[in-house]
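See structure below.
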Amino acid sequence: MSVRERTLAVWQGKVRIRVLSEGRGPALVFFHGAWGLDWDPFLEELARDFTVYAPEHPGTTAEAPDDIYHLDGLWDLVLCYDELLQGLGVSGAALIGHSFGGMVACELAAAYPGCARRLVLIDPIGFWRDADPIANWMVLEPAQLRARVFRDPEGPAARRMFGADGDAKAVAAGRVRLTWAMGSTGKFIWPIPDKGLKKRIHRVQAPTLLVWGKEDRLVPPVYADEFARRLSGARVETVNDAGHAPHLERPDAVARLVREFAGA
Amino acid sequence: MKISAFHLMPHRELPPDFESRYESVWVTPPWWELADAGRVGQYYNWTLDELIHAARAGFDGVCTNEHHQNAYGFMPSPNLMGSVLARATNGTNVAVVQMGATLPTSNPPIRVAEEYAMLDCISGGRLVAGLPLGSPMDVNLCYGITPMEHRERYREAFALTLKAWQAREMFAWNGRYYQLPTVNLWPRPIQQPHPPVWVPGSGSISTFDFAVAHDVCYCFLSYSGARSAKTMMDGYWQVVEREGREANPYRAGFLQLVAVGDDDADAEAKYARHVEYFYHKCLHVPAPYFAPPGNQDYRSLVAALSNPVRRAENPKELRYRDFVDKGYVIAGSAATVRDRLKEEVVKGLRVGNLMVLLQIGSMPHELTLENIERFARDVLPDLRGVWDDEGWVNHWWPERLRGAAPAPAVAVGAGRA
C-alpha cells in the first residue's frame, strides 16, 4: 500500500488542508495532536481495516502555514472540518482523534451528530479540573515536553516525534514544523484547553471509546471521567506502558481496540 | 540629544539563592515567599522619588514601563506612576515618557488612549506615548492572550489608538478583535495631532518594519549593551533607508545601563554586586517563556531556527568586569562613561533618544540618588549637544520641549490649585 496525498481548499479557498489517506474498508478520519501529523505505524495498522483519512490541522500543511490566520476560533475550525468532510465525500465515518485532535473530533461529533458513526478519543483534551491542571506544553523546555508526552522519552516513538537526528538543516526544519504545529493548534486552546465542550458534548450520538495511556503525565487519566460521565455508554480503556500518546507507544494494542470498537 | 531616566521598579532584596531556588523571576515568582506589601510600598515610593530626583537634576525625561508578575519590574500600571510623575514635574521641561502601557493587555485598548490623553492634559503636553507590543511573558503567559493573535491585536489596537486621538467625528470601530459602537474619546491629548509615539522592541525584524512604516521612534530596550545591539540597529537603519525615510537619529531610542563613580575602582566597589544581582537574578527566566509557539510569525520562525544567531551568552556565567568590558553596563569614571556612551551607543547606534537605567537591581535608594546626580552633573551636559551640528529636528519629542533646556518653564496646573 502507498499513502495517497491530496490537498483540499476550504473556507472560501483560503484554508488549504493536506489529507493523507490509505487503506480499504469503512471510512475513518484521524485528527492528529498538537505536534503535527506523521504517517506512523498506528495509522499504517489502521489502514489494514479502514480507509483512513488523516487531515493536517490548518496551518500545519507545509505549503500553507499562514492559512491559519483565516480562522478566528473553534467555531471556524469546526465549520472548516465540516467542509472538509464534505469535500472528501465522507459521512458517517469513524472519527478518531488524539489529544487536541480528540477535542476536535468530539466537537465535530457534537456539532454534527450525524457525521460520526463511532467516536474514538485518545487522551483527548477539552476539560479542565482545578485539582488536576494540564501543563501548558507550549512553554515547556524540550526535554520536559518529551517527558510529559511519552512514558519513555527516549523511546522510538518519542524520537520519531521530537527526534533530533539528521543534519542541522533537517533538525531545524523539524523544529519549525513542531513549533508551528503547536502554535497553530494552540490558537484554538490558549491559555486553558477548556473551550466549552462541556456545554456541547451532550449532543454527541455516536458510541464512544475513550483510550487513555495509564501513565499520561500531560492530561492525567482522571480526565477520562469528565468525558465518560457526559457520554452515556462510553467505554474507557486504559493502556499500560503508555503516556499521553498510547497509539504511538503501543500502536498494535490501540489499533486493536479501535478495530474491535469501530470495525465494520 | 534627549536623555531620559528609565526605571524598572525591581525587587531590591531577593534572597541570595533566588536563582537556584526558584524557576523564574517572571510569571511564577511566589509573592508570599518573596515579598512584603509594606516593603513593596517603600520600593514604589523610592522609584518615584528617584525619577523625580532625576527630573530635578537635569534629565530631559522620566520613563516607566509595564510588566506583570515580574519581580524585576512590577509596575503593572505604568500610568499610575506616570500620573504621579506628571503632577510632580509640572512647571519643568521634563517629558513624561511612558514606555509604556501595553495595548494587547488593555481591554478595550482605547483605555490606553484615554489614560495617555489624561497624562498629556495633566502634564501640559509633556507626554511621550510609548506603545509597546508587550512581552510574551506579560501578554501571553500572564494575561492569556493567544500567542498567534498577539501581533494582530497590537496592530489593530495601534490603529484604533491613533484614530481615537485624532478623529474629528465620533466613529464605530468594527475590528477583528475589538468592536466599539461609538468611539468619542474624552479627553483628547493637548499635543496635536497626537503625542509623539515610541515603539519599544527587542530586535524583532517585523517591529522595525512596523516602526518605519508608521514613522515612529523605534526604541531598542536592551540589557546587553550596544555591542550586541549593533547588528540589530544597523538592520533598523537599513529599513529606514530602504523605505526612503531620513536618517534622523531621533527616530531611534536605546536603553543603556549606566553606573558612575569617581573612577573605575570606585564604580566597581559601589556597583558590582548590584549589577551582578541584576543579571543573575532579575533576568532569571526559562528560555521557552520568550517564544511561545505562534508568537513569532512563520517567516521569522524559519529565519530564527535556520540561521540561529550566535548563541547568546549566559549572563549567569559573567561577573561585573565582564558586564563592563562587554558594554552590558557602562560604568566607571564620568569621563569613561561619557566617552563610551558617546562612541558605542549614541554614535555607534545612531541614537537621538537615549534612556539610561541608573537604578540597577538591588541598588539602594541613596546610592541610586548618587548615581543619578553624578550622571546629571558630570555626564549628561557633555552628551546633550552630540547631534546639534547635524541640525535634525526631534519630531518624536513633545513639541514645546524640543528646544528646551530642562529649566523650569511656565507652571502648568501645579501653581493654580
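The values are calculated or read from the model by the stated rules, or taken from the named source; none is laboratory data. These numbers were taken from a predicted model, which means no experiment stands behind them. Glycine gets a Cβ as well: all are built from the backbone with ideal geometry, and neighbour counts include every protein chain shown.
General remarks:
- Among (1) without any contact (Cβ under 8 Å) to a residue 40 or more places away in the chain; (2) within 14 Å of another protein chain (Cβ to nearest Cβ) - the single one residue B:295 does not satisfy: (1)
- Residues in segment A:185-194 that are among the aromatic types (Phe, Trp, Tyr) and more than 8 Å from chain B (Cβ to nearest Cβ): A:188 only.
- Subset of segment A:131-154 [within 14 Å of chain B (Cβ to nearest Cβ), of a type outside the set (Asp, Glu) and free of Cβ contacts under 8 Å to residues at least 24 places away in the same chain]: A:133, A:139, A:140, A:142, A:143, A:144, A:145, A:146
- Residues within segment B:106-151 that are over 26 Å from residue B:252 (Cβ atoms), within 14 Å of chain A (Cβ to nearest Cβ) and not charged (D, E, K, R), tallied: 9
Each row is one residue, and each column tells you yes or no for (1) within 14 Å of chain B (Cβ to nearest Cβ); (2) of a type in the set (A, V, I, L, M, F, W, C); (3) assigned to a helix (DSSP H, G or I).
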{"position": "A:63", "(1), (2), (3)": "yes, no, no"}
{"position": "A:68", "(1), (2), (3)": "yes, yes, yes"}
{"position": "A:75", "(1), (2), (3)": "no, yes, yes"}
{"position": "A:78", "(1), (2), (3)": "no, yes, yes"}
{"position": "A:82", "(1), (2), (3)": "no, no, yes"}
{"position": "A:90", "(1), (2), (3)": "no, yes, no"}
{"position": "A:96", "(1), (2), (3)": "no, yes, no"}
{"position": "A:106", "(1), (2), (3)": "no, yes, yes"}
{"position": "A:109", "(1), (2), (3)": "no, yes, yes"}
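- Filtered by the rule that a residue be of a type outside the set (A, V, I, L, M), in contact (Cβ under 8 Å) with a residue 12 or more places away in the chain and facing chain B (nearest Cβ under 9 Å), segment A:155-184 gives A:180, A:183, A:184.
- Residue ID - nearest to residue B:50 (Cα to Cα), chosen from residues in segment B:341-357 that are out of contact with any Lys or Arg (no Cβ under 9 Å at 6 or more places or on another chain) and among the aliphatic types (A, V, I, L, M): B:357
- Check on residue B:316, over 20 Å from residue B:208 (Cβ atoms) and within 22 Å of the chain's Cα centre (by Cα): no
- Single match in B:296, B:238, B:256 (criterion: modelled with pLDDT of 95 or more and surrounded by 15 or more Cβ atoms within 10 Å (Cβ to Cβ)): B:256
- Within segment A:1-49, restricting attention to residues that are in a strand (DSSP E or B) and of a type in the set (Phe, Trp, Tyr), the residue that is surrounded by the most Cβ atoms within 10 Å (Cβ to Cβ) is A:31.
- If you go through segment A:213-264 and keep only what is of a type in the set (Asp, Glu) and in contact (Cβ under 8 Å) with a residue 12 or more places away in the chain, you end up with A:215, A:216, A:226, A:237, A:241, A:249, A:252.
- Selection over segment A:51-66 of residues that are in contact with a Lys or Arg (Cβ under 7 Å, 6 or more places away or on another chain) and of a type in the set (A, V, I, L, M) gives a count of 1.
- Boolean, residue B:291 is of a type in the set (A, V, I, L, M, F, W, C) and under 23 Å from residue B:378 (Cβ atoms): no
Okay, residues lined up against (1) surrounded by fewer than 19 Cβ atoms within 10 Å (Cβ to Cβ); (2) in contact with a strand residue (DSSP E or B) (Cβ under 9 Å, 6 or more places away or on another chain); (3) on the phi < 0 side of the Ramachandran plot; (4) of a type in the set (Lys, Arg):
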| residue | (1), (2), (3), (4) |
| --- | --- |
| B:279 | no, yes, yes, no |
| B:306 | yes, no, yes, no |
| B:327 | no, yes, no, no |
| B:331 | no, yes, yes, no |
| B:335 | yes, no, yes, no |
| B:340 | no, yes, yes, yes |
| B:347 | yes, no, yes, yes |
| B:350 | no, yes, no, yes |
| B:354 | no, yes, yes, no |
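- Just one of the listed residues (B:307, B:314, B:371) is within 14 Å of chain A (Cβ to nearest Cβ) and under 28 Å from residue B:199 (Cα atoms), and it is B:307.
- Restricted to segment A:178-210, and to residues there that are outside any loop (DSSP other than H, G, I, E, B) and in contact with a Ser or Thr (Cβ under 8 Å, 6 or more places away or on another chain), the residue that is farthest from residue A:62 (Cα to Cα) is A:186.
- Residues in segment B:197-219 that are more than 16 Å from residue B:66 (Cα to Cα) and part of a loop (DSSP other than H, G, I, E, B): B:203, B:204, B:214, B:215, B:216.
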